[in-house]
Each structure stands twice: as structure tokens, then as C-alpha cells.
Amino acid sequence: MSGEPLLKVKDLKKYFAVRGGVLSRIVDHVHAVDGVSLEVAQGETLGVVGESGCGKSTTGRCILRLIEPTSGEIWFQGQDVRQMGGEQLRALRRDMQIIFQDPYASLNPRLTVGGIIGEALQIHKLAKNNKEIEDRVVELLETVGLRPEYMHRFPHEFSGGQRQRIGIARALAVEPKLIVCDEPVSALDVSVQAQVINLLEDLQEKFGLTYLFIAHDLSVVEHISDRVAVMYLGRVVEIATAKDLYANPRHPYTEALLSAVPIPDPKAKRKRIVLQGDVPNPIRPPPGCHFHTRCPIAEARCAKDVPELKQTGQGHWVSCHLRS
């Protein structure tokens, strides 16, 4: 990666307290994010993939300070995000936005579309009067492919795809530099997914946006991402360009994930890798490499030593004792 990255995350951790007993004392912790490090360059899309519960969404929300991290570093445009507070953090909100997974739950049902999108303009004082707010809302609706008169309607009057477009317009309202896309198409029909993905790509080209694209659909991630980070049980196990990762996966977990992706050609065949056992409990993750309990090539040291994320090729990083 040439130049200073727009976003830099180092050894990010988030542990959620587990309470129990009559007095509701803390009895344990869920290791949701357990030492994530990554970088995102200006204008690129970094895809983050992994099975449900691996910590993808928690990582994105910690970066935005929607959830307070337990430890680690988050740098955005050279500024330490974790040290910000008050007005400084509010100013940062303009540059970092999020598109939520559920278009049905992320919009306030009591507000009209104009109120939902215009709220951000009022909070950040980006418009002088109601006329400017209305004009900007109309412009944003047209940008995401919706009609101007929709601003007077309520969220329940729209389909899932239309609601997600409203969510995208809300994120664009403050002209951000980074948008965390938290599984933005997983709740939509396949045909609508393609429309939303194409919209996100067009907006990125038009406004120079940077995306952290979180998803579990590997085919969607391959299409939209420049680079891809693969997560397993709170840790990043592999990072590479999308082309390199899909053509030459290095980590055993990545190989298993990609073997499950359907192939459009019915004559083509791919060896299916079926992992043994279940994903370990994040309250008590395995020592050493978290994946060693299910890994087909694990050795004794995998259960003792935590593998570092090491570079194995041009822009290709792997966290594995046997593949580095």
C-alpha cells in the first residue's frame, strides 16, 4: 500500500462481559474481537468476510466508536480515534458513516424520509434553513435512484431495497470519506442485491468514497472489493487482493470457505472441504491458533503459539505457522 492509509487499526480487541449469579457479577468475557489489525487506503474497498459470529460487525462498530473497544489503536487520517471525545468526536462522525444490515430496523418509523436524511444536516449544521435541507434531501434521493416526492413518505411505505437506498442517502448526507457497509445486501432479494452493489460502486467512483465492506457472501465480496480480509473467531487469518485471494488462498480456513462458493458452470467441479466439529465458544477460545481445533493440517505448536500475520507474497498476508 503506497502512502499513508486513510484508516489504520492495530491489535483491536473487544470483550463483552458475561454476567451471572444473584448479584449479576461479571463471571466471564466473550472474545468478540481478539487482536484485529488492518489498513484501508483512500478510495479502496476492503472486504471483511467470515462466518456469523466471527466479529466482523463488532470490528466495524468499534472503528466508528459506536461500541467502545476494550483495547487497541484506531487511526483515521492520522488522528487517534480512541482519544477523541465531545466535539472532536462529533466532527469525526461527518467523515465516518455506516450503512446498517437491516433496512427495516435502521430507519426511524416515526420520521418521514426527508426527516431521516435531513436530521444529519441539522446536527452537523450543513444547511442554513429548511429550504436548503429540502433541496439537499431531493438531491440525495435522486443520487440513490429515488424520486423526490418520496421525502414526504414514511419508511413502512417502501420495499427493503428502497429502504436500503434511503439508508445510503442518509450516510451520504454529510459527505463522508469512509463508509462502513455492515452486510448492506444480506437482507435483500438477489436481484435487488445486484442493484444496490452497482449503486455503491457508482457512488464510490463519483464521490471518491472508501468502503469497509462487511459480508458473508463471498461472491458479493469478490465483485466489489479491491482487497479482502478473512476473519475467524475474532482474528484476521488472511489478507490479500480479491483476485489473489480467490485464485490462491493460503490459509486452510480460507480454502474451506472458498470451496463452498457455488460455481455458475454446472460442468465445472470443485473439491469441497468440509471442516470437522463446530466453531469454538468465543467465551473460551482455544489457545494458540483459534482454528487449530478444526484445521486439517494442524500440528502440536498450533495449539500453543499464536501465529503472526506475516507477508507471504506481494500484498498477501497469512496468519498460519505452516503456510507463512
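Close amide H contacts of Y232 (hydrogens built in the peptide plane, cut-off under 5 Å, sequence separation of 5 or more or a different chain): V237.
Gyration tensor analysis over the Cα atoms of segment 114-227 returns equivalent ellipsoid semi-axes of 25, 17, 11 Å (largest first, whole Å).
Converting phi to 3J(HN,Hα) with the Karplus coefficients 6.51, -1.76 and 1.60 and the offset θ = phi - 60°, segment 312-320 yields 10, x, 4, x, 10, 10, 9, 9, 7 Hz in sequence order, with x at every glycine or proline. Here the spin labels are modelled as points 7 Å beyond Cα on the Cα-Cβ line, and at A247 and R153 they lie 4.5 nm apart.
Once every Cα of the chain carries one equal point scatterer and solvent is ignored, give the base-10 log of I(q)/I(0) from the Debye formula at q = 0.08 Å⁻¹, two decimals. Relative scattering, expressed as log10 I(q)/I(0), comes to -0.41.
Per residue, the chain reaches -8500 deg cm²/dmol at 222 nm when only DSSP H runs of four or more residues are counted, each adding -39500 (n - 2.57). Taking 0.36 nm per residue of separation and subtracting the current Cα-Cα distance, fully stretching the chain between D11 and V306 would add 104.9 nm. Of all beta bridges DSSP finds with both residues in the chain, what is the antiparallel percent, to the nearest 5? Among the beta bridges of the chain, antiparallel pairing accounts for roughly 65 percent. Centroid-to-centroid, using Cα positions, segment 78-134 and segment 7-33 are 28 Å apart. What the phi angles of segment 164-174 give under the Karplus curve with 6.51, -1.76 and 1.60, with θ = phi - 60°, is a coupling list of 5, 5, 5, x, 5, 4, 4, 5, 6, 4, 9 Hz, glycine and proline written as x.
What is the sum of charges around V220, taking Lys and Arg as +1, Asp and Glu as -1, for the other residues whose C-beta is under 12 Å from the C-beta of V220? Value of the local net charge: -4.
Note that segment 60-99, at 37 °C in a medium of 0.692 mPa s, gets a Stokes-Einstein diffusion coefficient of 315 µm²/s from its Kirkwood radius over C-alpha pairs. The percentage of C-alpha pairs in segment 161-292 whose separation is greater than 20 Å is 55%.
Taking S24, S259, S186 in turn, the Gaussian network model of the chain (Cα-Cα springs below 10 Å) assigns the largest fluctuation to S24. Evaluated over the Cα positions of segment 1-110, the convex hull gives a direction-averaged projected area, one quarter of its surface, of 9.9 nm². Which shape class, rounded, prolate or oblate, goes with segment 1-63 when its Cα gyration tensor gives a ≥ b ≥ c as root eigenvalues, a/c under 1.5 marks rounded, and past that a/b bigger than b/c marks prolate? It comes out prolate by the Cα gyration axes. For segment 23-115, the relative contact order comes to 16 percent (Cα pairs under 8 Å, sequence separation of at least 6). Pairs from the list K177/K269; K125/K206; K10/K125; K128/K177 with a Cα-Cα gap above 31 Å: K177/K269; K10/K125.
With each label modelled as a point 7 angstrom along the Cα→C-beta vector, the I123-R25 pair spans 3.9 nm.
A short reminder: the numbers here are calculations on the coordinates, not readings from a lab. Since the model is a prediction, treat every value here as computed from it, not as a measurement. Positions of Cβ are backbone-derived with ideal geometry, glycine not excepted, and every protein chain shown enters the neighbour counts.
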